[in-house]
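Read the structure below first, then the notes.
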Amino acid sequence: MSENSVEAQGICKSYKSFLGRGSQVLKDISLEVGSGEIFGLLGPNGSGKTTLISIFSTLIFPDRGSMRILGLEAKRNRSKIRSQINFSTAKPNFPWSLTVSESLKHYGMLYGMHGSQLSSAIEENIAAFELEEQKNMKFEDLSTGMKQRLSLAKAMLNRPRLLFLDEPTAGLDPEMAIKTRKLIRRVHQEQDISIVLCTHDMAEAELLCSKVAFLRRGEVVALDTPQNLKNQLRLGERLVIFYQGRVDLKAVEQVPGVLAQRDLPGRAEIVLDRTSDNLDMILKLFAETKIQDIRISEPDLEDVFLELAR
Amino acid sequence: MSWRGELNKYLASAYKNWIISKRNAFTLFELFFWPMISLFSIGLLTKFLQVSQEMSSYLIIGAISLTLLQVAQIDVAYVLLFDMWSKSIKNTFIAPVQSYHLVFGALIFGIVRGAIVFAILVVVSRYLFGFNFLAGGAMPVLIFLAGVFATAAFIGMTVCISILTFGQKADVAAWSLSGLILLVCGIYYPVEILPEPMQAVARVVPLTYFLEYYRSIFIPGSHNVMMGAGLALLYLALGLILLDGSIERARKTGILLRLSE
């Protein structure tokens, strides 16, 4: 299927207080999510990510703008769209006293699933998200990681063509976060679905997403592949020199191509536009010191995030 | 979608309410404790006041009606209350379900629970207070119960509408609206003794007509059960339209997100 999974044009949203005072959370958002893509929505807290993902999933409505989800005009086809998508929320919650398998059964029924189709979907997802041992545990007794896995299992129940994940690794320990990212990747590969992923974990976005949009104060400030964003912003490469002795870092700043420098105890961090051209000039300035180690690293999405969030 | 899939969308709410109720010890209070307290207090009052058999029937019918109304309406309201309390409302409204799936699914469970409570109260009132609820035959009982459950569905929907409009604090409506019904629609006294404006309110509540109908079997009097049935159908339709409207509004204002936080 070649159509885009999401096509949004001019989406605006504001929340009004009881007295009618409004605060605009999304301003004229236009973007497309390609079929089969993992698309990242990145941005600091309060940038409008959750509101945007909630609008895309038809949970809430925009004030203005138009959307096509899976090729269907969103206003006229909400029910059809909802049957083909699903959502896993940040800090997932389910009715407390339902067990894992009862929760999945309840939500499967809400999607109109029945009989062997429902029971095999429950079993498959319990196995896929490694919840066999917890299937008879009540939601209130699950750990944060298990709740997150249950939320993902629920999101996959109806075999959605488009999946919305709102901070799927928030609150998880590093091991569980890595496991969850692997599960997302596996689900994406095996089931060939499109995923819109909300996160402020830049490493996660870089690992999973083929395209990302940065939101700041309700606006898309950048939209491209992670690599293109790093190139476009000319963030430079980071050179870290560990040394003993004295060096005039003011002189380092004068070297062509040096974008920034930071003097830290026992090391200097230098951001270079083109490391290869000027590395020798910089190292000459450290000639009187004892260099212990040199590390050069590519900029990552964290650097893009910090640059864009400024 | 197949008819079984469609049926499951209704049964989903009944299934959830059933599981939550069976794991909650306080369900026993809703099913046995409060209904018994209500019936016993009214039954004993009739003995103390040495009222006539007719008056005793009048009051016991009122007590049983109010209890059934409370049990069934809270089950309809629970369809949203349980989601709101557990902050899982997003998961319900992201699914391809309509308001009528949720309301009628929950009502199915409310009717089952109401029927259990009714059976218990009928037996107790027969043996302890000498009142035979089934004296008029099965059909009048079914008509009367249909009226009570339809009124309960409308009250339950009103609770859901209040929550979706005003937020979490509006859950108090779940326990207060049936109190209003107690006041205006002649549970323990004829509506004629109410002040004129309240009588007008009583005349637009279907339960008023169903109570008059059922009491006419035991105490001769006039009734207009067709009016009650018409109002009940009108309110069911109106309730669904208003509930749809409040869901749409909650999606526009974003209250659905706030109810999940």
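The values are calculated or read from the model by the stated rules, or taken from the named source; none is laboratory data. Given the structure is predicted, the values throughout are model-derived calculations rather than measurements. We place every Cβ from the backbone using ideal geometry, glycine too, and count neighbours over all the protein chains shown.
Among all residues of the stretch B:223-244, there is at least one that is assigned to a helix (DSSP H, G or I) and within 14 Å of another protein chain (Cβ to nearest Cβ).
Among the residues of the stretch A:61-72, those that are more than 10 Å from chain B (Cβ to nearest Cβ) and in a loop (DSSP other than H, G, I, E, B) comprise A:70, A:71. Within the stretch B:12-25, if we keep just the residues that are within 17 Å of residue B:72 (Cβ to Cβ) and hydrophobic (A, V, I, L, M, F, W, C), the residue that is nearest to the other protein chains (Cβ to nearest Cβ) turns out to be B:20.
Taken over the stretch B:202-213, the residue count meeting the criterion of being without any contact (Cβ under 8 Å) to a residue 60 or more places away in the chain and touching a Cys at 6+ places or on another chain (Cβ under 8 Å) is 3. When residue A:52 is tested against (1) more than 11 Å from every other protein chain (Cβ to nearest Cβ); (2) assigned to a strand (DSSP E or B); (3) surrounded by 21 or more Cβ atoms within 10 Å (Cβ to Cβ), exactly one condition is not met: (2).
For (1) at pLDDT 95 or above; (2) in a helix (DSSP H, G or I); (3) within 14 Å of chain A (Cβ to nearest Cβ); (4) within 19 Å of residue B:155 (Cβ to Cβ), each residue gets a yes or a no:
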{"residue": "B:174", "(1), (2), (3), (4)": "no, yes, no, yes"}
{"residue": "B:179", "(1), (2), (3), (4)": "no, yes, no, yes"}
{"residue": "B:187", "(1), (2), (3), (4)": "no, no, no, yes"}
{"residue": "B:198", "(1), (2), (3), (4)": "no, yes, no, yes"}
{"residue": "B:215", "(1), (2), (3), (4)": "no, yes, no, no"}
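In the set (1) modelled with pLDDT of 95 or more; (2) hydroxyl-bearing (Ser, Thr, Tyr); (3) under 19 Å from residue B:75 (Cα atoms), residue B:209 fails one condition alone, (3).
Among the candidates B:15, B:78, B:10, the residue that is aromatic (Phe, Trp, Tyr) and crowded, with 23+ Cβ neighbours inside 10 Å is uniquely B:78. Taking the stretch A:185-203 as the range and being farther than 21 Å from residue A:69 by Cα, in contact (Cβ under 8 Å) with a residue 60 or more places away in the chain and part of a helix (DSSP H, G or I) as the test, the residues that pass are A:202, A:203.
Residue A:61 satisfies every condition listed in (1) buried (at least 24 other Cβ atoms within 10 Å of the Cβ); (2) more than 29 Å from residue A:142 (Cβ to Cβ); (3) of a type outside the set (A, V, I, L, M) except (1). Could you look through the stretch B:142-172, keep only residues that are closer than 28 Å to residue B:261 by Cα and free of Cβ contacts under 8 Å to residues at least 40 places away in the same chain, and pick out the one that is surrounded by the most Cβ atoms within 10 Å (Cβ to Cβ)? Among those that are closer than 28 Å to residue B:261 by Cα and free of Cβ contacts under 8 Å to residues at least 40 places away in the same chain, it is B:162.
Kindly indicate whether any position in the stretch A:30-49 is at pLDDT below 95, crowded, with 22+ Cβ neighbours inside 10 Å and within 13 Å of another protein chain (Cβ to nearest Cβ). Scanning the stretch A:30-49, I find at least one residue that is at pLDDT below 95, crowded, with 22+ Cβ neighbours inside 10 Å and within 13 Å of another protein chain (Cβ to nearest Cβ), so the answer is yes. Take residue B:107 and decide whether it is surrounded by 21 or more Cβ atoms within 10 Å (Cβ to Cβ), more than 21 Å from residue B:18 (Cβ to Cβ) and in contact with a Gly (Cβ under 8 Å, 6 or more places away or on another chain). Judged against the criteria, residue B:107 is not a match.
Residue A:135 meets the conditions (1) touching a helix residue (DSSP H, G or I) at 6+ places or on another chain (Cβ under 9 Å); (2) surrounded by fewer than 16 Cβ atoms within 10 Å (Cβ to Cβ); (3) more than 9 Å from chain B (Cβ to nearest Cβ) in every case but one. The failed one is (2). Has the stretch B:158-171 got at least one residue that is hydroxyl-bearing (Ser, Thr, Tyr) and over 30 Å from residue B:87 (Cα atoms)? Within the stretch B:158-171, none of the residues are hydroxyl-bearing (Ser, Thr, Tyr) and over 30 Å from residue B:87 (Cα atoms). Do we find that residue B:82 is assigned to a helix (DSSP H, G or I), within 21 Å of the chain's Cα centre (by Cα) and more than 9 Å from every other protein chain (Cβ to nearest Cβ) in this structure? No: the conditions fail for residue B:82. Among residues that are crowded, with 21+ Cβ neighbours inside 10 Å and farther than 29 Å from residue B:132 by Cα, residue B:200 is not included. Per this entry, residue B:95 is counted among residues that are free of Cβ contacts under 8 Å to residues at least 60 places away in the same chain and either closer than 30 Å to residue A:57 by Cα or within 14 Å of another protein chain (Cβ to nearest Cβ) (or both). Restricting attention to the stretch B:215-225, the residues being free of Cβ contacts under 8 Å to residues at least 12 places away in the same chain and out of contact with any Lys or Arg (no Cβ under 7 Å at 6 or more places or on another chain) number 3. Of the candidates B:177, B:243, B:194, the single residue that is among the aliphatic types (A, V, I, L, M), more than 27 Å from residue B:112 (Cα to Cα) and crowded, with 16+ Cβ neighbours inside 10 Å is B:194. Counting only residues that are away from chain B (no Cβ under 11 Å) and assigned to a loop (DSSP other than H, G, I, E, B), the stretch A:73-128 holds 3 of them. Residue A:136 satisfies every condition listed in (1) under 18 Å from residue A:96 (Cβ atoms); (2) at pLDDT below 95 except (2).
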